[in-house]
Amino acid sequence: MTPLQFELAVFCVSLAAGLLGALLGLGGGIIVVPALTLLFKIDIRYAIGASIVSVIATSSGAAAAYVRERMANIRVAMVLEIATASGALTGAFIAGLVQPRWLYIIFGLILGYSSLMMFRRGHGEGLVTRRAPWADFLKLHSSYYDEAQRRNVTYRVVRTRVGLGLMYVAGVVSGLLGIGSGALKVPALDLAMHLPIKVSTATSNLMIGVTAAASAAVYFRRGDIDPFVAAPVAMGVLLGAVIGARLLGRLRNSTIRGVFVAILVWISVQMLWKGIRG
């Protein structure tokens, strides 16, 4: 494969990654890392470095549209970002001490857990009535207009303290694996804090860029970001994220959830197999 063919192939894969990342709130890294390592045989450390860049691109491309459409909950994002950015710095430093084989296994286990939690989701997306003193005080409750349902959806945020704890863990995962931590942020927002799935994905997209930026400097300093790999990844993911942001409001919640679970299961199996085989 010539350098030009390599760049074009990586760009096309990154385009699809950005589109799915924007739709599902996962960040392009959840597709980019497996694609670069499994398809292009790139060392996982350079793949993660490129993924960190792609996550920032995904957030930049999609977040503006979600904020404009009031689908992303800015208050929730800013409160939780305190925990997730701290976790990202922790994970970035730990990554330099962990063998690549264990990164594959950790990646696979985290994705498998996320897919199980989303599949077993046990609450509806109506208005939650339980007490939420932290969310009441911080005024985290909100609403958005759902194009697919053609109505305004009002929701209440609960378990803010649980969300903060989960977001620190998600930040560690982001810094450790370069996946933008959307694989944990979306289930945390959806399952623990009871945000609607569309709001969860939109808010996750807003947050992942800040989380990734917190750890990007560590990867750059360590030499894990190769411009030859990161440049086509960033361009493809950015374009895909812009397209995905336009599609989210028009899709049904069940469709978004089904695609989310299917992608996580497939990638989880692939990465676990890669790690076990060494």
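Annotations
- Considering only 159, 131, 101, the mean-square fluctuation computed in a Gaussian network model of the chain, springs between alpha carbons under 10 angstrom, is largest for 131.
- When only alpha carbons are used to place a centre, segment 255-278 and segment 26-88 end up 17 Å from one another.
- Which of 37, 195, 264, positive extreme of dipole for the chain (C-beta unit charges): 195
- Taken along its three principal axes, the alpha carbon spread of segment 160-278 comes to 40, 33, 32 Å, from the longest extent down to the shortest.
- Helix runs (DSSP H) in the chain reaching 27 Å along axis by Cα, Kyte-Doolittle at least 0.5: 3-24, 44-68, 74-95, 100-119, 197-222, 227-248, 253-277
- Packing rank of 182-189, 32-39, 256-263, where each peptide gets the mean count of other beta carbons within 10 Å, highest leading: 182-189, 32-39, 256-263
- Calculated P(r) over Cα pairs in 10 Å bins from 0, in percent (choose from (i) 7, 31, 39, 21, 2, 0; (ii) 6, 24, 28, 24, 14, 4, 0; (iii) 8, 33, 37, 17, 5, 0), label: (iii)
- Sorting 13-19, 41-47 by average packing, meaning the other beta carbons within 10 Å per residue, from highest down gives 13-19, 41-47.
- Candidate cross-link partners of residue 41 among the lysines, defined by an alpha-carbon separation under 23 Å and a same-chain spacing of 8 or more, comprise 274.
- Set of aspartates and glutamates near residue 185 by C-alpha distance (under 16 Å), chain-local residues within fewer than 8 positions excluded: 81
Throughout, read-outs are computed from the coordinates displayed, never taken from laboratory work. No experiment lies behind these values; they were computed from the predicted model shown. With ideal geometry, Cβ positions are generated from the backbone for all residues, glycine too; neighbour counts draw on all protein chains shown.
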